[in-house]
1. What cysteines in the chain have no other cysteine with a beta carbon less than 4.7 Å from their beta carbon?
2. Straight-line reach from LYS516: which aspartates and glutamates have Cα under 20 Å away, leaving out those fewer than 8 places along the same chain?
3. Looking at PHE401, LEU427, ALA335, which one has the Cα that reaches farthest to the positive end of the dipole of the range 293-450 (charges on Cβ: Lys, Arg +1; Asp, Glu -1)?
4. For LYS111, go through the lysines and keep the ones whose alpha-carbon is under 25 Å away, minus same-chain ones fewer than eight residues off.
5. So how far apart, in nm, are the two label points at ARG337 and LYS9 if each is 7 Å from Cα heading toward Cβ?
6. Highest mean first, what order results for 396-406, 120-130 on Cβ atoms within 10 Å?
7. Calculate what fraction, in whole %, of the accessible area of the chain sits on carbon and sulfur atoms when a 1.4 Å probe is rolled over the protein chains.
8. Evaluate the charge dipole of the chain about its Cα centre and quote only its size in Debye, nearest 20, assuming +1 on the Cβ of each Lys and Arg and -1 on the Cβ of each Asp and Glu.
Amino acid sequence: MAEKGFKRKLTAILSADAVEYSRLMGEDEEATVRTLTAYREVLTTLIQQHNGKVLDSPGDNLLAEFASVVDAVQCAVAVQKEIKTRNDELPENRRMQFRIGINLGDVIQEKDRIYGDGVNIAARLEGLADSGGICISKTAFDHIESKLPYGYEFLGDQTVKNIAKPVGAYRVLMEPRVTVAEKPEEEKPAPVRRMPVMIGVIAVLVVAISLVIWHFYIRRPSVEPASVEKMAYPLPDKPSIAVLPFNNLSGDPDQEYFCDGMTEDLITDLSKISGIFVIARNSTFAYKGKPVKINQVAEELGVRFVLEGSVRKADNKVRITAQLIDAINGHHIWAERYTGIMEDVFNLQDKITQKIIGALAVKLTAKEKKQIAFKGTDNIDAYDVFLQGWDHYLRSTPEAFRKAIPFFENAVKLDPYFGQPYAALALTYWRGSYAHYWTGMSGLSSILEGRLLARHYLEKAIKMPTSLSHRIASSMALNRRQFKEAIEEAERAIALNSNDASCHYTMAEALVYGGKPNKGIEYIETAMRLDPRFQTDPLYLLGIAHFCMRQYEKAVSLLERALKRIPAPGQRLYPLVAAYAHLGRFKEAKKAADVWAQMLGLKYTMYRFPFKDPEVAERFVDGLIKAGYPALHSDYYKLHERNKLTGEEIGHLVVGQKVATSDGIVKRTKDGNARYQGFLGKADSGKSWIKGDLLCDQWQERYGGYKNCYPVFRNPDGSRKNLDEYLSATDFGIITWSPVE
């Protein structure tokens, strides 16, 4: 007889849990809470839509029940797909994934709560699920095996905590697939005579080899054709291709970096060819580790051809398989296997690239042939070490940056003429210091040191130029308000890699902030087409471009779309606030302007928004002030072109003269010597010179002894009393100074 107040029932239980929740909270509590709140709303809404009920949601967990297992599994698949779509718009280190476990079991119900092994098993299955995956019990599987269009993989009978008997578990593959069921018990082989068996084996091998030859070279195996009408983007007017991440068949997860590096190198090589349209790495790697159909990839990315393959690396041997598929016609164009030793890797890559070029009937220019042939290094050990570092860098966390640096340093030790790791070091230090990651980076004591190291490594990288080194040079020039140089560097980057979305985005930034927003929009649109799965930053920059052109309604629409994808936008809200204010939407502007509490002053804010056009800068500031920003128009530095000094003007001010900064006196002699005397007693000596329209210094100790070149501007709001009549726009911030007697 049931106890009073309790009742038993059979129900489908769903248990969900956020992955790496503690790490996310440790890195950014506020952003994590925002993301969790948003994703919990997604789960709750989808559960209700699938006839379910949320029973409890403590911390990062959620428990729900359904009357039907079919509803529970359909809901779980919908949840994981929706979460994946939202995660694709977030930086990799801020993505929040969930594991989901589902069980059909008998439970005790007390009011709105349920208890018992049925609930506990769901929680244990959730722990067996992959990140972003679903794991169900055998009892649940038995009820849905033929009712839903998904595949399932049997994981065996799992012994789980506090459950007496092993639990049969299945992984839900979320795509139509053949179910991999339980393995039957093996029967003992009957005694057979050896000769007939050998004859049979040989016969089977002959048939199998014939089938393989027919399958790949005669029949052209078919795949489900992609629909041109369903494509998310119009097909380009030239051959278009997406290179999917190659599978790691080495049996060693530590070789994943090598497979990813091979894939990225193929993308890079193809991107150098102007006659091919190549989807960016970011968008194709969104499919990594996921069961996807070729027609789905083609339709979502808007391409005709898809390349997929695998890599097996063991000791010094490498085997690469690759197949090129015409997604629209639904057949394989070719499938090849390439085998060699590690020292042959570059040759194997070239063979695949040339095979693709031949299949797509693309003609290369002499320059493109040279660019594809150039690998940056002949040292395979340096290449391998670089790939390991790049694998860490792409995770975009302070810890990942710290781990990447020694690999890049080792790569340049192995080959001092290998430009890519120098550029990667510059990028790591630049991004790390700009995003305030420097506290977690190896041996880095401040933002200033990080940016000086970025400049140091960039000067080495630019001697062996790559599109990456020119991209960084463009960003750093823009930061110093060298707009002409920023555009020229972006042009060089695109010339080296015409299909690289990042190069086009870099050019767009230089143009939008450099006073040419209309032209910048063209490059933003190109970047978005080349990298269709990652749109947040381009949408944001597109909003700023329309703000520059006084198109505030359009700016608001784009900025709202972009900022919804950023959990903790901080000062990135400012363009939206300014646009709201210019539209008279002050209530929305003030609501968005809650970020004022985080502000670091108008000088810092405007340093982060390097508008060349003084009229745009004034409108931007005017919008912020109208929205309630506690500042005056005179409270920011006017780093405008009309206030910029020529090299000759700089020379008259500093050569053979003394200037006072906020922390000391600098005296530069006519023969290039310089002396610094700090107000607190610290002294240093070094060299100083004029380079074009830049002032350059290199001290023995100050700024780490690194060379530092920068433009100089008059400050129309400055005074000698405040030691800010002139402004030096350096990589690490603005230095104010005035001449002294």
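The values are calculated or read from the model by the stated rules, or taken from the named source; none is laboratory data. Keep in mind it's a predicted model, so treat the numbers as computed, not measured. As a convention, Cβ positions derive from the backbone with ideal geometry for all residues, glycine included, and neighbour counts pool all protein chains shown. Only protein heavy atoms, including side chains, enter the accessible area calculation; ligands, DNA and RNA are left aside. Shrake-Rupley method; radii C 1.70, N 1.55, O 1.52, S 1.80 Å.
1. Cys with no partner Cβ under 4.7 Å: CYS75, CYS135, CYS259, CYS503, CYS548.
2. Once the sequence-local aspartates and glutamates are set aside, what remains near LYS516 is GLU485, GLU488, GLU489, GLU491, GLU525, ASP537, GLU553, ASP613, GLU615, GLU618, GLU641.
3. ALA335
4. LYS111 reaches LYS4, LYS7, LYS9, LYS53.
5. According to this spin-label approximation, the distance is 5.7 nm.
6. Values: 396-406: 19.5, 120-130: 21.9.
Per-residue Cβ counts within 10 Å, averaged per peptide and sorted highest first, yield 120-130, 396-406.
7. Values: 18100 of 34990 Å².
Here carbon and sulfur together make up 52 percent of the probe-accessible area.
8. Details: 98 positive and 93 negative charges, 179 e Å.
For this selection, approximately 860 debye.
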